[in-house]
Amino acid sequence: MMIEEQFWETLDRAALPARVGTLAKEGWRLVQICGSCHEAFEILYSFDKDDRFLSLRVAFSKDDPVLPSITESYFGAFSYENEMQDLFGLKLTGLKLNFNGNFYRLAKKNPFLDTPPAVAPAPGGVSS
Amino acid sequence: MPHLVIAKLLTKSAARKPSTRLYPAEKRAPPKGARGRLVMKQIETCVFCGVCGKKCPTRAIAVKRTDKTWELDRLKCIVCGECVEICPKDCLAMEGEHATAFVAKKIETHVQKPKPAASDPT
Amino acid sequence: MKTALLGVVLWLIAAPLVGGLLAGADRILSARLQGRVGPPLLQPFYDALKLWDKRGGVVNRFQNFYMVAFFAFVLASGAIFFAGGDLLLVIFALTLAGVMLALGAWSTHSPYSHVGAEREILQMMAYEPMLLLAAVGMYLAGRSFHVNALASSGIPLVLQLPGVFLGFLLILTIKLRKSPFDLSASHHAHQELVRGITTEYSGRSLALFEIAHWYENVLLLGFVWLFFAFNPALGVAAALAVYFLEVVVDNAYARLTWKVTVRAAWIAAAILGATNLAVVKLLLR
Amino acid sequence: MGQRTIIPFGPQHPVLPEPIHLDLVMEDEKVVEAIPSIGFIHRGLEKMAEKKDFQEMAYIAERICGICSFIHSMGYCQAIEALLKLEIPKRAEYLRVIWSEMSRIHSHLLWLGLTADAFGFESLFMHSWRVREKLLDLIEETSGGRVIFGVCKVGGVRRDVDAETLRRALEALAALEAEYREIAGVFSRDASVKRRMTGIGVLPKEDARALGAVGPTLRGSGVAWDARRLQYAVYGELDWAPITEEAGDCQARCLVRIREIFQSFDLIRQAAGKISDGPVAVKVPGNPRGEYFARLEQPRGEVVYYVKGNGTKNLQRFRVRTPTFANLPPLLKILQGCELSDVPVIVLTIDPCISCAER
């Protein structure tokens, strides 16, 4: 199997819109946006162009859950950003199409915000 | 633009036997190797090592060595067949036919009868 | 007078049986065309009986009233036809029935029903001209608006009105609620309007709709028969053949949009119907 | 004119049995705007990876979707194998390609049927599914499962296909292809089908790119991006090229899928011709550490698997970006200004799988 070479860049969230804007101008395609939240927020933006795969890493503290939107450069990112808003409780600034927390209809608000401690699966057994 | 392109297909279908079966009355034979449902083939040879239960991704199997019981929660079983592959005594088997629907949740229990003593007349 | 009464009684009793059997045959034939086994012949009756047993949920008091009115007008329309009455009266009674159905759908609050009702009205707009042209054509060729007179005249209407007949076949697809023109309510709920005009009906009122539809189908096949009335046996064969053809067409087309439907029906009326009438008018002078 | 009504579309709508809800803002029969909401069946599968053993996760990954099941498990396994720097046997790679192309045919046939149903062509729907059923039989014969294959595992595949079964499968596939050709003809030539799809829901090339469309939705707009070009598994050793159509309408997206089915038949034949003997799995060494994005082409488009391991048997983060999720923005765009009767057809041409999108 071919293991693809993947490139990474780490940057500050304030620098994000400008960097993404450059990528958009260069013709990169937005592949995905992935949010994670453990000790801190970590958001990964992936792009590809001519078989080159680049991911931007943006990390910031849980106390300040604000993130600039990239919908200015990639309008299609609104679905990812609304998803993060609903699952992680992030605040997206400058989001061009904001469903204000109504994109996902969930029983629990921001279910991905708190990570429960990892629990080992119960050993084989049937609860009686 | 062409109309009635499907006419040929319709005529053919009308002429030949239907492709569907009247299911409960008429059943097909499952192909060899199909994973339909897990069965305990022979509880007599089971040594209650419990590997099947440990290997089960959904924890559908519970093995109790002390009571000599092997239990299956069929609603948890995803018919992956890991247990059948791992069983050292070849007690478990995968049948091609699917398990039927349930009315109530239940756990299937298989108990090994105590081995008859050597002096016992048989 | 006696034959008229007999016609009405036969219509009231035999039409739903014939219509139901036709619906059953339709379902078996459709299934076979699709490579399926299909239901038993009597399935439509079982379905109607099952609906009759179900609890009906109504959203307002008028809903069932409109459905009963629809049923009554369909019955009246057919009674006039099979009593040998005036074709124009038949057509207007049938139109009124359609209006009742649309009003019933309007009385609910479901947007699906509303769009269904709108489409039902559009469909009526589409087929009404052709239906009237058919009546006028029969008058020109057979010198009467009365079914009785037309049937006993011995004039081979279909030979004099081939264009009108073809146009009538086209709008028959709309009236039978078959693809490509099953806009306001298709046989299956698999369309953008769910079940369209009957979305908010259930239980007995829905059963009533089904039975009324059987009646309606028989009445429409009666129209087809009238074209061939000079030879009654041929007429029955032609009516059955037309029904068979409609089932095949139903299985050979995608559902089209209301714009296409209205256009197709009006063009058919204008070209097939009107030309045919002009020719008849000139030749039979 | 001017009076707006809202027609709810889903999450329980007979023409689209998918749990997406669209508020269609209507002016008469014209859709002004479509407002989506999802999450009705959000299962939190991504979170589950933090508690499950990474090898057992393959079964869960497979259950993200009931239709592209195999490629989901394959994608997950590829991501883990990349973290483990695990070279899996050639035979396993070939079997994976054969099974993933089978699942592509099965998914596309399902789609053809549903689309026919969306424009009210019931007999075409039944015939598409009749052919699909025979393919499911083949899948069952080779893998043991009909829709959930359950054969992919980290380190290879769980079951080998013997030469005799493979030969019979190829024969059956050839017969199937002939039957499929008739159905494909109806989709590409019939006048009433064309009327319902040509010029409907046009997604221009620039919009498709900008809105992040993937799969047949993107290729139907003339962009030749297919994740199989990354040459994962053994796609690099097979002769094929991404299929594109230029028009960008429903018809174009349909044609892409129709041609892709033929291509999949061809790819299966090629792979079966090149497959070599050998083992089908290797032992898994240790636990995954590091992070990786695996990208694969699913029937519905490019799927992205992000895995992050910290050397324990539980993953730290598992994320799936399914093709339907990426195709939602283009869908909202092409729904604007369409007719109500075209909504089901347009929604279906992105091949929505909402349970995939929510995970």
Of C:Thr95, C:Thr108, the only residue that is without any contact (Cβ under 8 Å) to a residue 60 or more places away in the chain and more than 30 Å from D:His127 (Cα to Cα) is C:Thr95
Return the only residue of C:Val164, C:Val158, C:Val136, C:Val115 being assigned to a helix (DSSP H, G or I), within 14 Å of chain D (Cβ to nearest Cβ) and either surrounded by 23 or more Cβ atoms within 10 Å (Cβ to Cβ) or in contact with a helix residue (DSSP H, G or I) (Cβ under 7 Å, 6 or more places away or on another chain) (or both). C:Val115
Go through segment D:215-240 and give me each residue that's among the aliphatic types (A, V, I, L, M) and under 25 Å from D:Lys153 (Cα atoms). D:Ala227, D:Leu230, D:Ala233, D:Val234, D:Leu238
Looking at segment D:146-156, can you tell me whether even one residue there is in contact with a Leu (Cβ under 8 Å, 6 or more places away or on another chain) and more than 20 Å from D:Ser73 (Cβ to Cβ)? no
Only one of (1) on the phi < 0 side of the Ramachandran plot; (2) touching a Gly at 6+ places or on another chain (Cβ under 8 Å); (3) in a loop (DSSP other than H, G, I, E, B) does not apply to C:Thr108, and that is (2)
Restricted to segment D:17-38, and to residues that are facing another protein chain (nearest Cβ under 10 Å) and in contact with a helix residue (DSSP H, G or I) (Cβ under 6 Å, 6 or more places away or on another chain), which residue is surrounded by the most Cβ atoms within 10 Å (Cβ to Cβ)? D:Ile38
Whichever residue in segment B:21-47 is within 8 Å of another protein chain (Cβ to nearest Cβ) and out of contact with any Asp or Glu (no Cβ under 9 Å at 6 or more places or on another chain) and, among such residues, is surrounded by the most Cβ atoms within 10 Å (Cβ to Cβ): B:Arg21
For segment B:31-98, which fully contained strands (runs of 3 or more DSSP E) count at least 2 residues that are within 15 Å of the chain's Cα centre (by Cα)? B:37-40, B:69-72, B:92-95
Just checking, how many residues over segment D:278-319 are under 23 Å from the mean Cα position of the chain (by Cα) and either of a type in the set (S, T, N, Q) or in a loop (DSSP other than H, G, I, E, B) (or both)? 3
Quick one: is A:Leu56 surrounded by 17 or more Cβ atoms within 10 Å (Cβ to Cβ), closer than 25 Å to D:Pro323 by Cα, modelled with pLDDT under 85 and among the aliphatic types (A, V, I, L, M)? no
Can you give me the number of residues within segment B:53-71 that are more than 8 Å from chain A (Cβ to nearest Cβ) and either open to solvent by less than 80 Å² (accessible area, probe 1.4 Å) or out of contact with any Asp or Glu (no Cβ under 7 Å at 6 or more places or on another chain) (or both)? 9
Condition first: more than 12 Å from chain A (Cβ to nearest Cβ) and either outside any loop (DSSP other than H, G, I, E, B) or farther than 19 Å from A:Ser79 by Cβ (or both). Now tell me which residues in segment D:203-216 satisfy that. D:Pro204, D:Lys205, D:Pro216
Counted residues, segment C:9-49 - those being among the hydrophobic types (A, V, I, L, M, F, W, C) and open to solvent by 40 Å² or more (accessible area, probe 1.4 Å): 15
Within segment C:231-269, work out how many residues are aliphatic (A, V, I, L, M), farther than 30 Å from D:Glu182 by Cβ and without any contact (Cβ under 8 Å) to a residue 12 or more places away in the chain. 5
Considering only segment A:101-111, state which residues are surrounded by fewer than 21 Cβ atoms within 10 Å (Cβ to Cβ) and either within 17 Å of the chain's Cα centre (by Cα) or under 17 Å from A:Cys34 (Cβ atoms) (or both). A:Gly101, A:Tyr104, A:Asn110, A:Pro111
With a cut-off of at least 1 residues that are within 11 Å of another protein chain (Cβ to nearest Cβ), name the strands (runs of 3 or more DSSP E) lying wholly within segment A:37-120. A:41-49, A:52-60
Counted residues in segment D:296-317 being in contact with a strand residue (DSSP E or B) (Cβ under 7 Å, 6 or more places away or on another chain) and on the phi < 0 side of the Ramachandran plot come to 13
Restricting to helices (runs of 4 or more DSSP H) lying wholly in segment C:1-95: which have 1 or more residues that are at pLDDT below 90? C:2-33, C:61-82
Any pair with Cβ under 7 angstrom, 6 or more apart, that starts in segment D:29-47 at a residue that is at negative phi and ends at one that is of a type in the set (Ser, Thr, Tyr) and surrounded by fewer than 21 Cβ atoms within 10 Å (Cβ to Cβ): D:Ile38/A:Tyr104; D:His42/A:Tyr104
How do the pairs read when you match residues in segment D:87-116 that are in contact (Cβ under 8 Å) with a residue 40 or more places away in the chain with residues anywhere that are of a type in the set (S, T, N, Q) and not in a helix (DSSP H, G or I), using Cβ under 9 Å and keeping only pairs 6 or more apart or on different chains? D:Lys90/D:Ser276; D:Arg91/D:Ser276; D:Tyr94/D:Ser276; D:Ser100/D:Gln298; D:Ser103/D:Gln298; D:Arg104/D:Gln298; D:Ser107/D:Gln298
Of the residues in segment D:227-255, those that are more than 14 Å from every other protein chain (Cβ to nearest Cβ) and either of a type in the set (Asp, Glu) or in contact (Cβ under 8 Å) with a residue 60 or more places away in the chain (or both) come to D:Asp239, D:Glu245, D:Glu246, D:Asp249, D:Arg253, D:Leu255
Could you tell me whether segment A:9-22 includes any residue that is assigned to a helix (DSSP H, G or I) and open to solvent by less than 10 Å² (accessible area, probe 1.4 Å)? yes
Here the residues within segment A:42-51 that are modelled with pLDDT of 85 or more and farther than 11 Å from A:Gln32 by Cα are A:Glu42, A:Lys49
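The values are calculated or read from the model by the stated rules, or taken from the named source; none is laboratory data. Not measured: the values here are computed from a predicted model. Here the Cβ is made from the backbone with ideal geometry for all residues, glycine too, and neighbour counts use every protein chain on show. Areas reflect the complete protein model, heavy atoms only, side chains present, ligands, DNA and RNA absent. Shrake-Rupley method; radii C 1.70, N 1.55, O 1.52, S 1.80 Å.
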